[in-house]
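Everything below concerns the one structure shown next.
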Amino acid sequence: MKVRWTGRRGNVGTQKNDILQGTLVLLILKTLHSNGRLHGYAITSHIHRVSSDLLRVEEGSLYPALHRMEQHGWLRSEWGITEKNREARFYALTARGRRELAQEEASWAKLTEGVGRVLRFV
Amino acid sequence: MTWMRRLWNALRPGKVERDIDRELAFHVAERADELRAGGVSADEAVRDARRQLGNFVVQRERARDVNVSAWLDALLRNIRLAARTLIRTPAFSASVIVTLALGIGANGAVFSAIDAILLRPLPFHDADRLVRLSEIRTASAFTNIVPVRLDDWNRLNTTFEAISGYFTDDVVDTTSDLPERIRRAVVTPGFFDVLRIAPERGRRFTEAEHQFGSAPAILLSERLWRARGADPAAPGTTIRSAGMPVTIVGVMPMFPFADPSVDVWAPMPVNAPYAQSRAGGGWFTGIGRLKPGVTLEQAREDLKSVQARLAMQFPDTDRDVAVRIEPLKETVVGGARRSLWLVFGAVSVLLLIACTNIAALLLSRATQREHEVSVRFALGASRTAVCGQLLAEAGVLGLAGAALGVPVALAAARVIQGLAPDLPRLDEVTIGARSLLYTTAAAAVVAILCGLMPAVRGARGGKSLSRSGGGGAQVVPRHSVQWLLVGVQVALSVALAAGAALLLRTSDALSRVEQGFDASRVLTLHVTGRFGEDGGDYGRVVQRINATLDAIVALPGVRAAATTTMLPGIPGGQQQEFHLVEGRAGMEARLIAESRTVSPSYFDTMGIPLLSGELCRRPGDASGVTEVMVNRSFADRYFPGRSIVGLHLAASTPDRITGIVGDARELGSDRDPVPTVYSCFSAAIPVPWFLVRTDGDPLSAAGAIRVRLKQLEPFRPVYDIAPLERQIADAYSQSHMRTVLLTLFAVTALGLVSAGVYGTLSYAVSLRRREVALHLALGALRRTVVQRLLGTTLRVVGMGCAGGLILALMFTHSLSAMLYGVSPSDPATLAGVIAIVVVVAATAALIPAARAAFVQPMRVLRED
């Protein structure tokens, strides 16, 4: 539900700004789509890294979102062992999740285009 | 799928929470690692990691699915609310619950009987492969199998794992001072293998014990073993039978055998010289086990060809023999099928009537609560929510009814057992898991049937608050649905009552029918005996039986005594073909007649009149039958206008016809008398039925008879002492059960209908009080008001009756085999039933109609 962005120098928590409800789901779906099987922590790290620290997933929202997505049938999860030999729950996309991703990407594209046009309007 | 998982999660939150805890702990650990790598101290790293994650508990709550919990919460809330609402109207709730409990309980009891008797396989291993075999001969109704032939079938077939046989007889156990009659089943080798039953203690019979002349051995039944003190050391000890010691080799568990009274099992000596003839009547009832995958048809074909080969080999004895194979279960329970399904159908119709009744009640209630529902809608309740709440009420009622229905089912099952003691497998009827499952399912169906329509209508109502605001300009709804439900109840009751009335007419017709014999004040009994007693001298058996008869007749209070091989008035006879020795024209019909062997005193004892000729005489020795009597049907059918007294009839030996007696319904009061030949011989079998006509109550003479027979032969037990009327009633207990239960259900249905009519009309009247009052104030006659209300009711009842008549005509057809002296569409019966239903409904309607007509108009109009 919430993705915080951090300012270039900003620290997490100092400049919190709730933006773009619903983007978390899209980000998770996309992350899993490009990486395959990941645990929750790896998902946050990926988003953080790939967005060049611009986006940081609020951890308090991540897990509820993952569980809801699993219940929707977009993800499936299983317990596994990390390379550090810790027990973690790994998530992967389902066929339904892939369809959902396509839809969300499409609607995101529409949204950004719409917003862009409004901003470009002089 | 996902919905299922959600429900699963919600139902076991413990597991989900543990999973979430583990997952979050992993996250914290990873984050702390990262922070440490960035140079934060270990403690601080963990603290920071946790802080970033936020509150653990909140996480957990958020991660868990709230949707399903909410749904479950709503369900629980609905149930609690429903229970509270129902408790506020205790009279209504109690009457509904009791009605449902009776309906569901009775239904559950009949279902458990059907389940135990008809649906479940017999309690043998792979019981569906067990079949019963019989020998069918054109000239005789005996179906028992000759020993050597049974052996041939067993050796020559290719479709059976094994075929075995048994017969039962009585032996006298003289182990203790008092002689005791015990029932023995003599079995061929492999009998227990076919049934796959092993002794509980001890062992089976050995090969050697099945050889002629070996030391006698028996297996005790568990019942006899327990009756004798359940001695664990019993195997190896002996009992004395006919003065001979017999070794007990083991104890057999109780299992549902064709003859549940069997006390001991004995081995048949297969090579006994007296069992080697192919001619004559058979001994054994055959039981076989099919090989896996073999169908009944294949087995029939197989044994047909086996018997065809035997017929070529032994044309004299085997030419006219055919094999009959039926599933064993069918031979055990087949006779009960129709009665049970009939009762089940009837009790289900009754439950349906009860449901309809309750649906109408709930509907009225829902309408009364329109205001409440409107408020809920106004406060934003969704239609689903309101519907759910109303359904929950029906559900709570249904569940309460089912819970209370279980004890009712237990009691009802006992009633069925009491009413029809001759139903097969009755001791297997229990209210078990399957019955409970059925009852629960029935309750669910009932709740949906009762609740759905009221719930949907209730939820549809209340579109605005003003509608049910009770203003003066209230529009009176027509309540067509309630009246429709009343019509359905009437229709179903008419059909049910028609069935009951036809059965009642049948039993009435049967009680009026001219039996041709007098069963009252006749006592029946058996005196122990068996083939081969007295060293095989049958003449002494004949003397013994004649002496017993003479001793009984000499007693004070005894008018006459006789013996017979079969009791009169009980279904199941034997047809046989006779020839007239003096010859008849070849074109005439074959002389097929019911064959019964009785002592000459039988006709006097049973009150069957001698029409012409004279009574036959008792043959003095073992030479058997020399004289026969025939009944009027026999003479009239086969020899119209010809005197046959003095001629000779032959089945095996030529016997002189000495006289003609009146027709008697020997085969049961529902069967017309058939041509019958009575062979006069008091000792056709060693254990004939004794019939004793007494001056007073037959049972009061039993003591004296017992004492006298004990004086005569102290070591010969007397048993099966019962009045003939009770023996006949027992044989008809299934039809009695049908009649009693259907009548009971029909009366209950009528009660429900009158309650339904009363309730619906009362309710309609309560809504139309103002309208009625206005009419009265404007000068309408009270009589007119009553007439109009009655007219409304009777119109509905009339339509219900018409529908019921159609239902009845469709359904009573299936009864035709159970009816006597009345046709399934008997107009008088159906008209009578409709008259009763109309009168009951009109009576029920009269009270609310009169109450409406006698209101004080001005008071009602001023009320608001």
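The values are calculated or read from the model by the stated rules, or taken from the named source; none is laboratory data. Just so you know, these numbers come straight off a predicted model, no measurement behind them. Glycine gets a Cβ as well: all are built from the backbone with ideal geometry, and neighbour counts include every protein chain shown.
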Contacts under 7 angstrom Cβ, first residue in the range A:56-82 being modelled with pLDDT under 85, partner part of a helix (DSSP H, G or I) and of a type in the set (Asp, Glu), 6 or more apart: A:63/B:23
Matching residues, the range B:832-863, being under 17 Å from residue B:778 (Cβ atoms) and not polar (S, T, N, Q): B:852, B:853, B:854, B:855, B:857, B:858, B:859, B:860, B:861, B:862
The range B:494-521: number of residues that are of a type outside the set (Lys, Arg) and in contact with a Gly (Cβ under 9 Å, 6 or more places away or on another chain): 17
Subset of the range B:270-299 that is in a helix (DSSP H, G or I) and in contact with a Ser or Thr (Cβ under 9 Å, 6 or more places away or on another chain) - its residue that is nearest to residue B:192 (Cα to Cα): B:299
Strands (runs of 3 or more DSSP E) lying entirely in the range B:525-624 (those with 2 or more residues that are among the aliphatic types (A, V, I, L, M), closer than 27 Å to residue B:672 by Cβ and in the same structural domain as residue B:640 (by TED's automatic domain parsing)): B:558-564, B:591-598, B:610-613
Flag for residue B:388 being at pLDDT 85 or above and in contact with a helix residue (DSSP H, G or I) (Cβ under 8 Å, 6 or more places away or on another chain): no
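Let's see how each residue does on (1) in contact with a strand residue (DSSP E or B) (Cβ under 7 Å, 6 or more places away or on another chain); (2) within 30 Å of residue B:33 (Cβ to Cβ); (3) surrounded by fewer than 18 Cβ atoms within 10 Å (Cβ to Cβ); (4) among the β-branched types (Val, Ile, Thr):
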| position | (1), (2), (3), (4) |
| --- | --- |
| A:39 | yes, yes, no, no |
| A:62 | no, yes, no, no |
| A:67 | no, yes, no, no |
| A:84 | no, yes, yes, no |
| A:100 | no, no, no, no |
| A:118 | no, no, yes, yes |
| A:121 | no, no, yes, no |
Residue tally, condition touching a residue at least 12 places away in the same chain (Cβ under 8 Å) and away from chain B (no Cβ under 14 Å), over the range A:83-117: 7
Residue within the range B:79-90 that is over 40 Å from the mean Cα position of the chain (by Cα), modelled with pLDDT under 80, not in a loop (DSSP other than H, G, I, E, B) and not assigned by TED's automatic domain parsing to the domain that holds residue B:344 present: no
Spans of helices (runs of 4 or more DSSP H) in the range B:122-233 with at least 1 residues closer than 25 Å to residue B:572 by Cα: B:147-156
Unique match (being part of a helix (DSSP H, G or I) and either under 22 Å from residue B:752 (Cβ atoms) or in contact (Cβ under 8 Å) with a residue 12 or more places away in the chain (or both)) among B:808, B:828: B:808
Residues that are of a type in the set (Val, Ile, Thr) and closer than 20 Å to residue B:618 by Cβ, drawn from the range B:629-659: B:630, B:645, B:653, B:657, B:658
Only one of B:218, B:248, B:287, B:239 that is more than 28 Å from residue B:132 (Cβ to Cβ), surrounded by 14 or more Cβ atoms within 10 Å (Cβ to Cβ), at pLDDT 90 or above and not acidic (Asp, Glu): B:248
